[in-house]
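Trainee: Can you read through this structure? Questions will come right after.
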Amino acid sequence: MSIFEYNGSALVAMVGKNCFAIASDRRLGVQLQTIATDFQRISKIHDRLFLGLSGLATDAQTLYQRLLFRHKLYQLREERDMKPETFANLVSALLYEKRFGPYFCQPVIAGLGDEDKPFICTMDSIGAKELAKDFVVAGTASESLYGACESMFKEDMEPEELFETVSQALLSSVDRDCLSGWGGHVYVVTPTEVKERILKGRMD
C-alpha cells in the first residue's frame, strides 16, 4: 500500500457559472480500519479560496498550517487577499522546495478570481500543477471520481445544480473505494455567499 493511500481520501472540485464546488469524504482510516467519520479535508483560506488536501493526514495538517501562515504574511504585507492563481503558485513552490523529502499530499485548490471567474487546479506531491476548466480530482477514489465527473459534468451550471452534481459524483465514487467514504462535506462558493453542507453516506 502506498503512503498516499494510508489514510484514504476522496476530493473533487468542479466549476459552474461564476461559482465552484469543492467536496471531500469524511473518513479517516488507518489502512482498512476506520478511526474517525468527521475528518475535515477542506480548509478555507479566505471567503473566495478553498484548499483540499488528500493523502497522508498528518502531512496535510502540517502543510495547511504552513500555507495559512504564508497567506497571513501576504495579507499583512499586501493588505489584500491572495488570488487563486497566486496561491496555487505558492503551494507549488512550497511543495517543490521539499521535493527530496516531500509532503505526502495531493492538494486541490479552488477559488474565484478576477470578474468572479472560477479557478481550479490540483498538483502532485512535488508541486507539478494540473489546471482544468471543468473539474479536478484527488485521493484514493480518484479513478472512480474521474468516471463519475466525466459523465455528470455540464458547463455553466447554477449553484444548486452544481451542488447536486458534485454530491452525486462524490457519493457514487466513494461507494467504489473501500478506503474513503462515510458521507461527504461540500462547499459551494458564489461571489456573494459560501454554502456548506454535510452529506450522509448511502450506508448511514
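The values are calculated or read from the model by the stated rules, or taken from the named source; none is laboratory data. In this text the structure is predicted, and so the values were computed from the model without any measurement. Here the Cβ positions follow ideal geometry from the backbone for every residue, glycine too, while neighbour counts run over all protein chains shown. Please note that ligands, DNA and RNA were not included when accessible areas were found on the heavy atoms of the full protein model with its side chains. Shrake-Rupley method; radii C 1.70, N 1.55, O 1.52, S 1.80 Å.
Trainee: Given labels modelled 7 Å from the Cα in the Cβ direction, how far is it in nm from Met152 to Lys98?
Mentor: Spacing of the two 7 Å Cα→Cβ label points: 3.1 nm.
Trainee: With θ set to phi - 60°, apply the Karplus curve 6.51 cos²θ - 1.76 cosθ + 1.60 along region 5-21 and write out the HN-Hα couplings as whole Hz, x wherever there is a Gly or Pro.
Mentor: 9, 4, 9, x, 5, 8, 9, 8, 10, 9, 9, x, 7, 6, 7, 8, 10
Trainee: With each pseudo-label sitting 7 Å past Cα toward Cβ, what's the Asp47-Thr62 distance in nm, one decimal?
Mentor: So the label points at Asp47 and Thr62 sit 3.5 nm apart.
Trainee: Next up: Give me Rg/Rg_expected for region 105-146, where Rg uses Cα atoms only and Rg_expected = 2.2 N^0.38 Å with N residues. Don't skip to the answer; put the middle values down first.
Mentor: On the way: Rg = 11.1 Å, N = 42, 2.2 N^0.38 = 9.1 Å.
Rounded to two decimals, the normalised Rg is 1.22.
Trainee: Next question. What longest range of the chain stays clear of loop-exposed GluC sites (Glu not before Pro) (DSSP non-H/G/I/E/B, at most 11 other C-beta within 10 angstrom)?
Mentor: With a cap of 11 other Cβ atoms within 10 Å, the longest stretch comes to 1-78.
Trainee: For region 83-204, just say rounded, prolate or oblate: build the C-alpha gyration tensor, square-root its eigenvalues into a ≥ b ≥ c, call rounded for a/c under 1.5, and beyond that prolate if a/b exceeds b/c, oblate if not.
Mentor: Since a/c reaches 1.5 but b/c is at least a/b, the shape of region 83-204 is classed as oblate.
Trainee: Something else about it: For region 1-59, with every protein chain kept in place, what is the accessible area per residue (1.4 Å probe, Å²)?
Mentor: Computed with neighbouring chains in place, this is 36 Å² per residue.
Trainee: What are the trypsin sites (Lys or Arg not before Pro) within region 106-204 that DSSP puts in a loop, where the Cβ has at most 11 other Cβ atoms within 10 Å?
Mentor: Lys133, Lys154, Lys200, Arg202
Trainee: Would you mind working out the magnitude of the charge dipole of the chain relative to its Cα centre, with +1 at each Lys and Arg C-beta and -1 at each Asp and Glu C-beta, to the nearest 20 Debye? Could you put the intermediate results ahead of the total?
Mentor: On the way: 23 positive and 29 negative charges, 138 e Å.
Using Cβ point charges on Lys, Arg, Asp and Glu, the chain gives about 660 debye.
Trainee: If one computes P(r) from the Cα atoms of region 79-151, what percent of pairs lie at distances over 19 Å?
Mentor: Roughly 40 percent, rounded to a whole number.
Trainee: What is the count of Lys pairs in region 55-181 whose alpha carbons sit under 24 Å apart, if the two are 8 or more places apart or on different chains?
Mentor: 14
Trainee: Then there is this: May I ask you to give the average projected area over all directions of the convex hull of the Cα atoms of the chain, in nm² rounded to one decimal?
Mentor: So the Cα hull casts an average projection of 10.6 nm².
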